[in-house]
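Beneath this line is the structure, given in structure tokens, with notes to follow.
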Amino acid sequence: MTDPVNRQWALAKRPEGMPCEDTFELRKQPVQEPGPDEVLVKTHYLSVDPYMRDRMRAGESYAKPWDVGEVMEARVVGEVQTSKHPEFEKGDVVSGMLHWAEFTVVKGAKLTQIDLEGIPVSTAVGVVGMPGRTAYFGMLDVVDPNPGETVVVSGAAGAVGSVAGQIAKLNGCRVVGIAGSDEKITCITDEFGFDVGINYKSTEDIESALAEACPDGVDAYFDNVGGKISDAVVRLLNEFSSVAVCGQIALYNEEETPTGPRHWWTLIEKRARVEGFLQGDYSHRNQEAIEQLVEWVSTDAIQYRETVIDGLENAPSAFLGLFEGQNIGKQLVKVN
């Protein structure tokens with residue numbers, strides 16, 4: 001009897017500019033047995049996220065780059081198949097940083113058991129997972145807006161932006177979202193409760209559109225994209241405003257960072273505060289965020305969307321789709 005086969009994706013080469021299908025290599029290996037204190041996990045849902053593009057570069061960043069030939073990692077929700085760790089047993093639903101693969105052997109200490117009080121387990125890598133926690137800490141701790149203030153969110157239909165905007169609404173703010181299609185604008189206003197949505201792809205003058213949407217200026221900005229959109233928002237900042245820099249997806253595939261408008265003078269004039277942050281900075285408070293997000297989702301205070309791609313073989317195209325704006329909400333790969 002042959003051993004069961006494990007399909008897994010490795011980094012085939014470092015991309016120049018936008019990655020393509022040749023950036024990835026699908027391998028087939030026998031499923032490994034766990035060793036002492038290890039667990040064999042079968043993947044159900046695999047998360048693809050924009051930050052993964054940075055791990056494909058050779059240079060150092062906040063996340064360790066993948067070596068060429070290395071099996072790539074992602075946030076995963078899966079089911080324990082075999083356990084040699086005392087805290088896990090067959091059938092447990094778990095989450096952790098595992099492989100782009102059907103099966104992963106991992107130390108039990110790196111896994112978290114999942115109990116989401118009746119909401120779908122896929123949310124463990126979405127609205128109540130890393131993206132949701134990023135929105136939670138970024139909006140409440142970094143931006144920290146006051147009721148009645150105007151908050152702008154770029155990438156507003158994405159996994160992080162959609163939650164960040166809704167948290168601002170729960171905080172009593174007026175929220176303006178920027179996204180890249182009419183479908184996304186309808187979603188963020190009709191489903192997520194944003195006050196105004198701007199389709200940057202069909203808007204000729206984004207700064208004028210923002211000025212119209214924010215007649216009293218911008219008190220806080222949750223930045224997921226960078227580039228020209230962020231340049232336009234910064235010029236509309238009010239005095240003592242705050243900016244949380246969460247992502248820069250507009251620039252991730254640039255080999256050389258383009259020079260934009262010199263807008264730093266605005267920060268001086270407005271005495272604005274700009275702060276970059278990582279979700280991992282708040283890992284000691286993860287349980288706080290998870291409990292609050294689960295409560296908001298289970299009581300419909302926060303709505304969410306998932307764009308689910310079937311099949312591990314489609315994981316690279318799901319990742320590439322992030323840069324083409326294909327997803328609304330969290331982009332997931334359903335594996336098993």
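The values are calculated or read from the model by the stated rules, or taken from the named source; none is laboratory data. All values reported here derive from a predicted model rather than from experimental measurement. In this analysis, Cβ positions are derived from the backbone assuming ideal geometry, glycine residues included, and neighbour counts consider all displayed protein chains. Side chains included, ligands, DNA and RNA excluded: accessible areas come from the protein's heavy atoms. Shrake-Rupley method; radii C 1.70, N 1.55, O 1.52, S 1.80 Å.
Worth a mention:
- Solvent accessible area, Å² - Lys28, 1.4 Å probe, full protein context: 150 Å²
- Accessible surface ranking that places the most exposed of Glu102, Glu117 first, with a 1.4 angstrom probe: Glu117, Glu102
- Note: relative contact order over the chain, using C-alpha pairs below 8 Å and six or more positions apart, is 18 percent.
- Anisotropy class of the stretch 171-225 from Cα gyration tensor, a/c 1.5 cut: oblate
- Largest first, the residues Glu33, Glu149, Glu16 sort by 1.4 Å accessible area into Glu16, Glu33, Glu149.
- Taking every DSSP beta bridge that has both ends in the chain, the antiparallel portion is near 55%.
- Solvent-accessible area of His99 with every protein chain in place, 1.4 Å probe, in Å² to the nearest 10: 60 Å²
- Note on surface exposure: Cys214, Cys20 rank Cys20, Cys214 by accessible area, highest first, 1.4 Å probe.
- Relative contact order of the stretch 86-139, pairs being alpha-carbon contacts under 8 Å that are 6 or more residues apart, as %: 28 percent
- Shape of the stretch 28-130, Cα gyration tensor, a/c cut at 1.5: oblate
- Per residue, the chain exposes an accessible area of 45 Å² to a 1.4 Å probe, with every protein chain left in place.
- Here the accessible area of the chain is 46 percent carbon and sulfur, with a 1.4 angstrom probe and all protein chains present.
- Area of Ser317 that stays accessible when all protein chains are in place (1.4 Å probe, Å², to 10): 50 Å²
- Hits among lysines - C-alpha to C-alpha of Lys334 under 20 Å, sequence gap 8 or more where chains match: Lys28, Lys42
- Here the Karplus curve 6.51 cos²θ - 1.76 cosθ + 1.60, taken at θ = phi - 60°, turns the phi angles of the stretch 207-217 into couplings of 5, 5, 5, 5, 4, 5, 6, 10, x, 9, x Hz, with x standing for Gly and Pro.
- Of the peptides 234-240, 45-51, 266-272, the ranking by mean beta-carbon count within 10 Å, highest at the top, reads 45-51, 234-240, 266-272.
- Between amide H atoms placed 1.01 Å from N, distances below 5 Å from Phe192 occur with no residue 5 or more places distant or on a separate chain.
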